[in-house]
1. So, of the residues in region 42-72 that are acidic (Asp, Glu) and assigned to a loop (DSSP other than H, G, I, E, B), which turns out to be surrounded by the most Cβ atoms within 10 Å (Cβ to Cβ)?
2. If I go through region 170-199 residue by residue, how many of them are within 22 Å of Glu128 (Cα to Cα), of a type outside the set (A, V, I, L, M), more than 39 Å from the chain's Cα centre (by Cα) and surrounded by 14 or more Cβ atoms within 10 Å (Cβ to Cβ)?
3. With respect to the numbered conditions (1) within 33 Å of the chain's Cα centre (by Cα); (2) exposed (fewer than 13 other Cβ atoms within 10 Å of the Cβ), which one is the sole condition not fulfilled by Gly261?
4. Would you mind finding the one in Ala563, Ala544, Ala589 that is over 25 Å from the mean Cα position of the chain (by Cα), in a loop (DSSP other than H, G, I, E, B) and of a type in the set (A, V, I, L, M)?
5. So if I check each of Glu307, Glu259, which one is modelled with pLDDT of 95 or more and over 30 Å from Leu356 (Cβ atoms)?
6. Would you please name the residue that is surrounded by the most Cβ atoms within 10 Å (Cβ to Cβ), looking only at residues in region 287-328 that are of a type outside the set (S, T, N, Q) and in contact with a Leu (Cβ under 6 Å, 6 or more places away or on another chain)?
7. Quick one: in region 515-541, which of the residues that are touching a strand residue (DSSP E or B) at 6+ places or on another chain (Cβ under 9 Å) and assigned to a helix (DSSP H, G or I) is nearest to Ala589 (Cα to Cα)?
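The values are calculated or read from the model by the stated rules, or taken from the named source; none is laboratory data. All values derive from a computational prediction rather than experimental measurement. Note that we place each Cβ from the backbone using ideal geometry, even for glycine, and neighbour counts take in every protein chain shown.
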Amino acid sequence: MGKSNRHVFGVIASRLSDMEQSDLLTGMLRQAQEMNIDLLILSSIYNPNEPSTQLERENDIYDLICSDAFDGFILISEAFINPQLQKRILCLLSKMKQVPLIALGTPLPGFTLKHFQFLNTSDAMDFEQITDHLIEKHGFTDIDMLTGYEQIEASHLRVAGYRASLERHGIPYCPEKVHFGDFWLRSGEELAMDYIDGKKPFPQAVVCGNDHMAYSMLDTFTKHGISVPERITVTGYEYIRERMYHYPLLTTYQRNRAELGAEAVRLMQQRLDGETSEPFMPPSGRLIPGHSCACGPDPMQLLAEQEHISMERTYDFLSLFGQLEFELTECRTIQDMLQVCREYRYMLQNAEEVYLCLYEDWYSDRSISENVTCYSLISEARPFTMHKHDLSRLCSGPAAAYSICPLFFLQHSLGYAVMKFHTARACTNQYRRWLKAVGNGLEFLRMKNDIQYLTQCCNLSETVDIMTDMYNKRGFHSAFDAAAGTFDARNTHLVVLRVCLFDESYATESSGQKIQAILAASDAVKCFCAGSRLYGRIGENTFACVVRCHTSDSKLLEDLLGAILIRTPGYTVRYALDSFVCTALPCSASSSFPSQMAAALQRLEQHTKAVAARRICAHYSEMLALRNQFYLTPEAFFETASAEMPCSYSSGHLRTIYKKCFGTNPHRDCIDGRLLLAKYLLFTTNDTIQQIAQACGYRDNKYFLRQFRINTEMTPAEYRKACSPAG
């Protein structure tokens, strides 16, 4: 699936099914297809006005702004009201200053950068046309204006258009006839009641700054028996297509957002081609008459609105009575999920292809993968893996639009969905519901294979993890606090281990092997603690313990726990050397559990990201298998000549690719593997130094002693004492 050599424009949007954005998208699509341009549209699903921790992860979709797939950006700026989200998008776009950007809509305070070029329809021109209609068509001379917040520029631009029309027709402009509201329902109701209660004289007509205020005004007049338009005429603005739900049918005005979207695409192409563009002229909209003025509605327009509502109701019915959500909760594998999604393709109206692009570790509650696996829902092509920013790989065939929306559940990012389409009618509320159902279904599938979830469901103790017979997080916290007064920073350490990294068993039948690995890891921690019971399983695959020994060397303890873990058969049967990370921090009598644990977990995240970064190296899997042999059977690799290596590379090439993967060479790892075995035996047995040297493959006891001391800065006997429990 290769991308053709054509421009790709990124559209930064939110809730694409909203009417205003749908109109813009209609024009963009039309123009992009004429000019052979692909549109990649980044859009959230919910976009609440106020910050929401439950929906925070949906905004991870905008991190894809940093993809190198984009030749230009079109930002629908008015779609973003949440200040925190505005800051996040500005931060991302500031990193992409080399990519030209056109912003559509009124500039919002604080939501702009120097390289933004804003395009918009003209509020002033639109309101001048609305007022012209009332004066010229209906002969009104007494007209009030209800606009929005007084501190917003758009409110004053709309008043300016109203005023220009009055003055051009020789009607004096009176500031007392302009009323500032909030662009919402309350404003229309309050002004209508002022007229009804006699606080303000009835005008012949009221020009409302948007449809919401006009609707509430109409509803209030109807409740109080005020006849519209016989007693008063009301007009709206923005045409939000809810006229059928209010009486009488509103006369409103539709901004030409489609032409605005088309102009953005044309202008972007001109900028990329280095052409000089003509001065931008805001496109004119059109009046859509209804019964709230004497004109009456256009029958064809009314029929189109009725058909739209009928279609929405049909799909609402199908959504309500469809069994998608229920069937998704019964899935046991990814393949089951894909099959269910395909059976409900009717929810994906006008979609030509849909991909579920899931992070490789989507089933983990700490997704850090940079790669996604892409599953086709329509063509049923073979799944493929790509970097999450490699969006151009999804573009194929004739120029089209691709909606890229987040897949998430609460605080857990799962990946994203990509829908290919050629008409804005594909971006419906039905599709939003489908995305929500798929996100929930993925979380159900994850939980079914999540050991932590399963054990918590059956855990009958407040402080003990039943599966491992260790403290759980609450129990370990209490035990830590109870013992903290005895901690001495010279010999006391908090050691935290995370295992089963990059596990792929959640969506397979092999998750039982992970249970065995978790149990083996708990055994390794218990062995490491050498009789102390201050240990716990504080997370799904995270263990913590406090140890007292004759050393203040944190690194020594980290290596020792790793040595014990890789020697535990139940773990290494399933997992490789890159599947765990460990950290140790000194503890004192004043140590606080929350701060100590937060510091330890932060270190683990850093270690995990470092390991994850290495995994994308070429030949990594092959080199990892070789490294596993060095550490699991070090005695077999005492000689490191390339001819004896279990691979076909020359010695020079082997060293080169091995070092790219692990930052060291095979010879060094052979030595480290033997020494790690020696450390394990020194800690877990009473074997003599000579016996341990032989077990590690050393033929010369003196050579073992010298190499051990060079690499650990202590003798084996000193090491054994340092690791022994302190009194």
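1. First, pick out the residues of region 42-72 that are acidic (Asp, Glu): 50, 56, 58, 60, 63, 68, 71.
With the extra rule that they be assigned to a loop (DSSP other than H, G, I, E, B), the set shrinks to 50, 68, 71.
Numbers: Glu50: 8, Asp68: 11, Asp71: 18.
Filtering first and then ranking leaves Asp71.
2. Residues flagged as within 22 Å of Glu128 (Cα to Cα), of a type outside the set (A, V, I, L, M), more than 39 Å from the chain's Cα centre (by Cα) and surrounded by 14 or more Cβ atoms within 10 Å (Cβ to Cβ) within region 170-199 amount to 3.
3. (2)
4. Values: Ala563 fails: in a loop (DSSP other than H, G, I, E, B); Ala544 fails: in a loop (DSSP other than H, G, I, E, B).
Answer to the selection: Ala589.
5. On the way: Glu307 fails: modelled with pLDDT of 95 or more.
Of the residues listed, the single one that is modelled with pLDDT of 95 or more and over 30 Å from Leu356 (Cβ atoms) is Glu259.
6. Of the residues in region 287-328, the ones of a type outside the set (S, T, N, Q) are 287-291, 293-300, 302-305, 307-309, 311-313, 315-318, 320-322, 324-328.
Next, from what is left, pick out any that are in contact with a Leu (Cβ under 6 Å, 6 or more places away or on another chain): 290-291, 297.
On the way: Gly290: 24, His291: 17, Pro297: 19.
Filtering region 287-328 for residues that are of a type outside the set (S, T, N, Q) and in contact with a Leu (Cβ under 6 Å, 6 or more places away or on another chain), the one surrounded by the most Cβ atoms within 10 Å (Cβ to Cβ) comes out as Gly290.
7. In the first step, residues of region 515-541 are kept if they are touching a strand residue (DSSP E or B) at 6+ places or on another chain (Cβ under 9 Å); the result is 518, 521-522, 524-526, 528-539, 541.
Checking the rest, the ones that are also assigned to a helix (DSSP H, G or I) come to 518, 521-522, 524-526, 528-529.
Values: Ile518: 31, Ala521: 28, Ser522: 26, Ala524: 27, Val525: 23, Lys526: 23, Phe528: 22, Cys529: 19 Å.
Per the criteria, the residue is Cys529.
Okay, residues lined up against (1) modelled with pLDDT of 90 or more; (2) in contact with a Ser or Thr (Cβ under 9 Å, 6 or more places away or on another chain); (3) β-branched (Val, Ile, Thr):
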{"residue": "Ala69", "(1), (2), (3)": "yes, yes, no"}
{"residue": "Ile74", "(1), (2), (3)": "yes, no, yes"}
{"residue": "Ser77", "(1), (2), (3)": "yes, yes, no"}
{"residue": "Leu85", "(1), (2), (3)": "yes, yes, no"}
{"residue": "Arg88", "(1), (2), (3)": "yes, no, no"}
{"residue": "Cys91", "(1), (2), (3)": "yes, no, no"}
{"residue": "Lys95", "(1), (2), (3)": "yes, no, no"}
{"residue": "Gly105", "(1), (2), (3)": "no, yes, no"}
{"residue": "Leu113", "(1), (2), (3)": "no, yes, no"}
